[in-house]
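Structure first, then comments.
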Amino acid sequence: KDAYKEGEGNVADVNLLLIAMLKSQGVDANPVLVSTRNNGIPLYPTTKGFNYVICMVENEGQYVLIDATEKFSSLNVLPERVLNWQGRLVKEDGTSKWVSLMPTNQSQQSTSLNIKIEDEENISGKVRQFITSNLALRHNKRFQGLSNDAQIKLLEKDKGAIEISEVELAKKDKGALSLSYNYNLSDGIDNIGDKLYFSPLLFMGEKENPFKLDERQYPIDFTMPLKDKYMVNIMLPEGYTVEAMPQSEVMEFKEGTAKYKFIAKQNGNFIQLSTELDLKSSIIDAADYSVFKSFFGKIVEKQAEQIVLKKI
């Protein structure tokens, strides 16, 4: 009652109030006790093992999980702090059971990158992205409350000598997000003799393999299954022809648990490139670490391969 009157409260106040409101309308809603990621994994249901509570709604064998404290979340899209293996559903009759907290649907990020080579030093173009599910929630939280200048500064971070302008950020249905901006890049080309060298993904490619250890004792946790796609369209500058470009390739890890496609082709005065990282599981076992490290290293190497344009 106090939380309702004052319009504020802690996590339990907010989500238990949501549950009470849903129950008042005949909805089968109950609390799920959670141990957040920084609190450890709950192997057993204990009175001190949980530090968070969310809402679960059941209907005809299906269920959705809701966290009303997270501004940008939606049904079954929980904040990352909550995505910690499993929670304990508690019902009014005193029964309880474990329920999975982990996302089952892939988060998707689709990026369109247009590239125009202005001269031997400068590249300009436009980026358009469409982002869904838990990835959209992550991006929304990054941009929350930022001014336009602050958004530009965040987007320019770690992208080299780039200038970004005309940022447009829009919310879409089911918690999805669209992001677009123009860019000008002054360090994306190496001009050597009569040839131009550049990476087709420019500032958006992986620079190095993040997996440095020789071996690992714990699983790799990507938080969510995901699909990351790029469509790149490169306009050839007048007076140049393609001398070399990366070859198309498909790589696979552990019978399709993860797959990477890299497709490149020339179409008239354009080079068209598409890539897709399809990660079906958010967890990579420690026993598979060295194989996955090698798999990801090959992705980094592929993205680093350069296009070579020769002056006619």
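Listed values, structure above:
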| quantity | calculated |
| --- | --- |
| Selected residue (only one of Glu163, Glu168 is open to solvent by 40 Å² or more (accessible area, probe 1.4 Å), over 16 Å from the mean Cα position of the chain (by Cα) and closer than 26 Å to Gln108 by Cβ) | Glu168 |
| Positions within region 173-208 being over 23 Å from Phe262 (Cβ atoms), in contact with a strand residue (DSSP E or B) (Cβ under 6 Å, 6 or more places away or on another chain) and part of a loop (DSSP other than H, G, I, E, B), in sequence order | Asp194 |
| Hits in region 1-48 - residues which are open to solvent by 60 Å² or more (accessible area, probe 1.4 Å), part of a loop (DSSP other than H, G, I, E, B) and in contact (Cβ under 8 Å) with a residue 12 or more places away in the chain | Asp28, Ile41, Pro45 |
| Lone unmet requirement of (1) assigned to a strand (DSSP E or B); (2) of a type outside the set (A, V, I, L, M); (3) under 21 Å from Gly175 (Cα atoms); (4) in contact (Cβ under 8 Å) with a residue 60 or more places away in the chain for Cys55 | (4) |
| Within region 120-139, tally of residues that are in contact with a Gly (Cβ under 8 Å, 6 or more places away or on another chain) and either part of a helix (DSSP H, G or I) or closer than 21 Å to Glu70 by Cα (or both) | 4 |
| Hits in region 79-118 - residues which are part of a strand (DSSP E or B) and either within 15 Å of the chain's Cα centre (by Cα) or within 30 Å of Leu202 (Cα to Cα) (or both) | Ser107, Gln108, Gln109, Ser110, Thr111, Ser112, Leu113, Asn114, Ile115, Lys116, Ile117 |
| Test result for Arg142, charged (D, E, K, R), in a strand (DSSP E or B) and open to solvent by 90 Å² or more (accessible area, probe 1.4 Å) | no |
| Residue selected from region 251-266 under the condition open to solvent by less than 90 Å² (accessible area, probe 1.4 Å) and free of Cβ contacts under 8 Å to residues at least 24 places away in the same chain, by the criterion farthest from Gln109 (Cα to Cα) | Ile263 |
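The values are calculated or read from the model by the stated rules, or taken from the named source; none is laboratory data. Every value quoted in this text rests on a predicted model; they were computed, and no experiment measured them. Virtual Cβ from ideal backbone geometry, glycine too; neighbours counted across all protein chains shown. Accessible surface areas use protein heavy atoms only, side chains included; no ligands, DNA or RNA. Shrake-Rupley method; radii C 1.70, N 1.55, O 1.52, S 1.80 Å.
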